Every structure is written in C-alpha cells, then in structure tokens.
1. Cα gyration tensor of the stretch 72-216, axes a ≥ b ≥ c as square roots of the eigenvalues: rounded (a/c below 1.5), prolate (a/b > b/c) or oblate?
2. Starting from the Cα-Cα distance between Glu42 and Glu216, subtract it from 0.36 nm times their residue separation and give me the gain in nm to one decimal.
3. Hey, any idea what % of the chain's accessible area is carbon plus sulfur with a 1.4 Å probe?
4. Round to the nearest 0.05 the FRET efficiency obtained for Lys83 and Glu326 when R0 = 30 Å and r is the Cβ-Cβ distance.
5. Keeping every protein chain present and rolling a 1.4 Å probe, give me the accessible area per residue for the chain in Å².
6. Between Glu238 and Glu163, what is the spin-label point distance in nm, taking each point 7 Å from the Cα along the Cα→C-beta axis?
7. With a 1.4 Å probe and all protein chains kept in place, how much accessible area does Glu192 have, in Å² rounded to the nearest 10?
8. Per the Debye formula with a single identical scatterer at each Cα and no solvent contribution, what log10 I(q)/I(0) holds for the stretch 50-113 at q = 0.28 Å⁻¹?
Amino acid sequence: MGKKYNKERKAVEGIEKLKRRVALVGCGNIANVHAALLSGMENVELCAFADCRKERAINFAERYGKGVARAYESLEELLVSEKPDVIHICTPHFLHVPMAVKALDSGCAVFMEKPPAMTMEQFEQLKEAYGRNNNYLGVCFQNRYNASTRKMDELLGEGRLGEVKGGRAFVTWNREAEYYGYSDWRGKLSTEGGGVLINQSIHTLDLLLHWMGEPEDVEASACNHHLNGVVEVEDTIEIFLRFPGGKRVCFYATTAYVSDSPVLLELECARGRIRLEEEKISVKYSDGEEEIYFLKAGDIPGKSYWGSGHAACITDFYRCLESGTEYMNNLSSVENTMRVMSKAYERAGVYKE
C-alpha cells in the first residue's frame with residue numbers, strides 16, 4: 001500500500017522534503033498526545049482540527065496549529081475544505097470505523113486510535129474500505145513500540161528461553177463514576193463497545209497475542225463490581241485462551257481497583273520465565289541464572305500507564321508513508337487481537353456476533 005503517495009512524491013536532491021498536510025478529528029484527551037507529537041514533526045503541517053464541539057477544535061488549532069490550522073465542526077466539512085493527506089482519528093469508539101471509511105474513500109491515509117473497531121462486523125467494513133483504496137491505514141497500538149516490548153522481543157528472539165509455553169497478565173486500574181460522566185459515550189455498550197477490555201486493557205491482550213499467536217479456543221466471563229447501575233459495560237473481565245500444543249494464557253483486567261497499578265505480563269517458556277512490569281523486565285532461566293533490565297520510558301504528554309511508545313508508533317507511521325514500506329501496525333496485524341476480543345465478549349455474554 002502507499003503507491004499513491006510514492007507516485008506523487010518527487011525526490012529532488014537538495015530540495016526540502018514535501019510536508020504532509022495532516023488533520024485530526026476528535027479533540028479529547030488522547031488527541032493531545034497526537035497533536036503534541038505531530039506539531040513537533042519536521043515533515044508534518046497540522047492544517048485542521050475537527051470536533052462536534054467546535055470550541056475544542058478551535059482550542060487545538062490555537063495550541064498546536066502554529067497559526068495556520070483551521071477548526072471545523074465535522075469531518076465531512078474538513079475533508080471538503082482541506083483535502084488533507086493524512087487524518088488522525090481520535091474520536092469515541094463508535095465513530096472510528098465510519099470516519100476511517102470516509103477518510104479512506106476521500107483519498108486520505110488514516111492513523112486511528114484503538115480500538116480499530118467495536119465488533120468484527122465493523123472490522124470487516126473497515127477491511128473492505130482499506131481494500132478498495134490504495135493507501136495507508138495504521139492503528140495506535142503504541143505499546144508494541146515500548147522499549148520494554150522491544151527488549152522482550154530481543155530476549156525471546158535469542159532463543160535461550162526456548163519456546164513460549166504460556167502466559168498471564170494482570171491489569172488492575174481505577175475508574176470512578178466521574179470518568180464516565182466526563183463524556184456521554186463512555187460506559188455505554190452502543191458507543192464504547194465494552195469496558196475494561198476494549199478500552200483500558202486491549203493493549204495488554206494485544207501484546208500477549210503478539211508473543212503467543214492465534215488461539216484455538218476462547219473462554220471468558222465479565223461483570224461489573226464497582227459501578228453496577230452507573231455504567232452498562234464491564235469493569236472486570238477474565239479470559240482463558242487455549243493454543244495449539246497445550247499452550248495456555250490467563251488474562252485478568254479490572255478498573256475496580258483503588259489505583260492505576262503497573263501492568264504485569266509474564267511468559268512461561270521451555271527454559272525459563274520472563275516478566276514485564278512497567279519498564280522493568282525480569283528473566284529467570286531454568287539453570288538458576290537471573291537477569292533484570294530497567295528500560296527508559298519515553299516522554300509523552302498524558303498518563304504514563306498509557307505506555308511510552310506513542311512517539312515511536314506515530315513517527316514510524318510517517319516513516320513508512322515516506323519510504324513506501326509496510327507499517328507494523330497495519331490492519332492485518334491487529335486482526336487476531338480484534339477476533340479474540342470479539343470472541344471474549346461473545347463468550348462472556350457482553351454481546352453476540
């Protein structure tokens with residue numbers, strides 16, 4: 001993908017690289033991370049922002065637009081007036097796929113916040129739009145780019161730990177009623193698509209699947225311990241995954257805890273065990289040797305437990321646009337995570353496909 005851009009680019013020696021005109025739709029919390037990073041990129045011109053509350057788009061244009069960005073109340077108006085090269089989608093979950101489809105069909109490359117879709121039916125719609133457009137689509141699974149994730153890849157790739165046999169993960173965070181009251185789309189099945197799994201812990205599930213592969217069976221249960229009667233979605237979910245060869249994964253996530261504790265992810269291997277907790281990696285080999293690595297987290301605006309890979313994730317997307325190479329977080333790379341999430345919700349009775 002991306003041939004359209006490569007055709008239009010003119011690599012002229014000694015001439016400054018063409019800036020891509022980039023627009024952002026959805027000016028909420030996570031959009032600050034995108035806008036702050038984009039505003040500092042050399043080959044990006046932030047040309048426009050859109051939000052259903054236009055005053056928020058105006059605020060973003062003033063903060064990040066360097067005097068040239070304009071504000072709009074809708075994506076449709078923005079696409080017609082600006083014709084940007086790239087659209088960043090930072091809207092509520094239920095708008096991700098409809099907006100991505102419109103942007104792709106308008107000739108834009110798309111970089112979208114997670115989740116890529118709320119259901120597999122939506123995901124198939126996104127795949128169809130992606131397939132009929134010769135352009136790039138990237139998904140912000142930024143934790144794949146964390147320094148700790150890369151170190152885990154390196155250690156597993158060395159082969160000393162042997163084959164991964166199983167894994168477990170715990171996400172214990174806190175969300176109070178005020179969090180859901182801040183935005184009218186959160187906490188509703190029709191607009192958020194779920195709770196702790198699709199929103200807070202999808203990154204951790206994605207990393208487990210990155211190292212484990214595609215499961216052959218999914219079992220799950222979900223409940224609402226903390227805010228029953230306040231929100232429609234689950235605040236707690238447990239998932240049991242079976243893989244070929246007897247490999248197994250246990251996954252637990254909740255937003256009913258009293259704080260946002262570091263995520264714990266552990267893999268059991270044929271010749272040892274490796275654990276990731278925040279930016280610390282601990283390895284214990286079967287022969288008794290132990291290793292500990294402390295990785296430096298990247299500096300990003302926002303909350304540290306979102307992960308530190310946003311800058312690398314977004315920068316790599318634009319590197320791939322420029323070079324015409326495949327982006328790591330493309331649509332096919334996130335399909336396994338989407339299928340497992342969707343199946344877990346189905347098995348837990350949250351919704352049925």
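The values are calculated or read from the model by the stated rules, or taken from the named source; none is laboratory data. Given the structure is predicted, the values throughout are model-derived calculations rather than measurements. Positions of Cβ are backbone-derived with ideal geometry, glycine not excepted, and every protein chain shown enters the neighbour counts. These accessible areas exclude ligands, DNA and RNA; they are computed on the full protein's heavy atoms, side chains included. Shrake-Rupley method; radii C 1.70, N 1.55, O 1.52, S 1.80 Å.
1. Cα axes put the stretch 72-216 in the oblate bin.
2. Here the segment from Glu42 to Glu216 would lengthen by 58.2 nm.
3. Reported share for carbon and sulfur atoms: 50 percent.
4. 0.70
5. Roughly 45 Å² per residue, with all protein chains present.
6. Roughly 2.8 nm, to one decimal.
7. Taking all protein chains as shown, Glu192 has close to 0 Å².
8. -1.36
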